[in-house]
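Chemist: Questions regarding the structure given below will be posed in turn.
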Amino acid sequence: MGATNDERGLHTLSSEAIAADVIAYGGPARAGSVPGGNAFVVDPNFLSYGNEPIEITVVVRRNPANDNAGFKLVYESTDGFKNLGWYTVPDNKQWHTKTWKITDAEFVSMWGYNFALESDGNVYNKYYIKSVTLKKLVE
């Protein structure tokens, strides 16, 4: 994340106007406070209608004020959108890595995105995103 994102098959839908890059804790990041959540689209050549197991990993950290922060990962599945439950960002002392394994992803962009980090309003979105990665899992 930063002024120039390294987008290799995973693209953010957060425009510069609402998700300006920030310098947080000595390096580039993205604000978690994007209205509607940070939404992502996966290149259809990487994953589309196929139902392969994947892993989504985010690296996040609370803001300098250490406000309570968190989000849920919402993604397109074979049964519509699913919510993998709430993740509370532990603190602002370090970057925290959270990984989800998903076995029923079906990325067809029904709502214009494949997955999003949603904080349910402006109370818990006080965090920064250092990176988001997606990879296929070999079974």
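The values are calculated or read from the model by the stated rules, or taken from the named source; none is laboratory data. Nothing here was measured: the structure is a model prediction, and the numbers come from that model. Positions of Cβ are backbone-derived with ideal geometry, glycine not excepted, and every protein chain shown enters the neighbour counts. Remember, those area values only see protein heavy atoms, side chains included, never the ligands or the DNA or RNA. Shrake-Rupley method; radii C 1.70, N 1.55, O 1.52, S 1.80 Å.
Chemist: Can PRO28 be described as modelled with pLDDT of 90 or more and either under 21 Å from LEU10 (Cα atoms) or out of contact with any Phe, Trp or Tyr (no Cβ under 8 Å at 6 or more places or on another chain) (or both)?
Modeler: no
Chemist: What do you reckon, is ALA31 among the small types (Gly, Ala, Ser) and either touching a helix residue (DSSP H, G or I) at 6+ places or on another chain (Cβ under 8 Å) or open to solvent by 30 Å² or more (accessible area, probe 1.4 Å) (or both)?
Modeler: no
Chemist: Could you list, ordered by first residue, the pairs with Cβ atoms under 7 Å in which the first is in segment 70-88 and touching a residue at least 60 places away in the same chain (Cβ under 8 Å) and on the phi > 0 side of the Ramachandran plot and the second is loosely packed, with under 14 Cβ neighbours inside 10 Å and acidic (Asp, Glu), at least 6 apart or interchain?
Modeler: From residues that are touching a residue at least 60 places away in the same chain (Cβ under 8 Å) and on the phi > 0 side of the Ramachandran plot, there are no pairs.
Chemist: Which numbered condition in (1) among the hydrophobic types (A, V, I, L, M, F, W, C); (2) open to solvent by 60 Å² or more (accessible area, probe 1.4 Å); (3) part of a strand (DSSP E or B); (4) at pLDDT below 95 is the only one that VAL132 fails?
Modeler: Result: VAL132 fails condition (2) only.
Chemist: Test each condition in (1) modelled with pLDDT of 95 or more; (2) under 11 Å from the mean Cα position of the chain (by Cα); (3) open to solvent by less than 40 Å² (accessible area, probe 1.4 Å) for TYR87 and report the one that comes out false.
Modeler: It is condition (2) that TYR87 fails.
Chemist: With the condition kept exactly as written, say whether any residue in segment 122-129 is modelled with pLDDT under 90 and at positive phi.
Modeler: No, segment 122-129 contains no residue that is modelled with pLDDT under 90 and at positive phi.
Chemist: Turning to a different aspect of this structure: I'd like to verify a number: residues in segment 47-82 that are touching an Asp or Glu at 6+ places or on another chain (Cβ under 8 Å), over 13 Å from PHE107 (Cα atoms) and surrounded by fewer than 20 Cβ atoms within 10 Å (Cβ to Cβ), how many?
Modeler: Here the count works out to 2.
Chemist: Looking at (1) loosely packed, with under 12 Cβ neighbours inside 10 Å; (2) at pLDDT 70 or above, can you tell me which one VAL42 breaks?
Modeler: (1)
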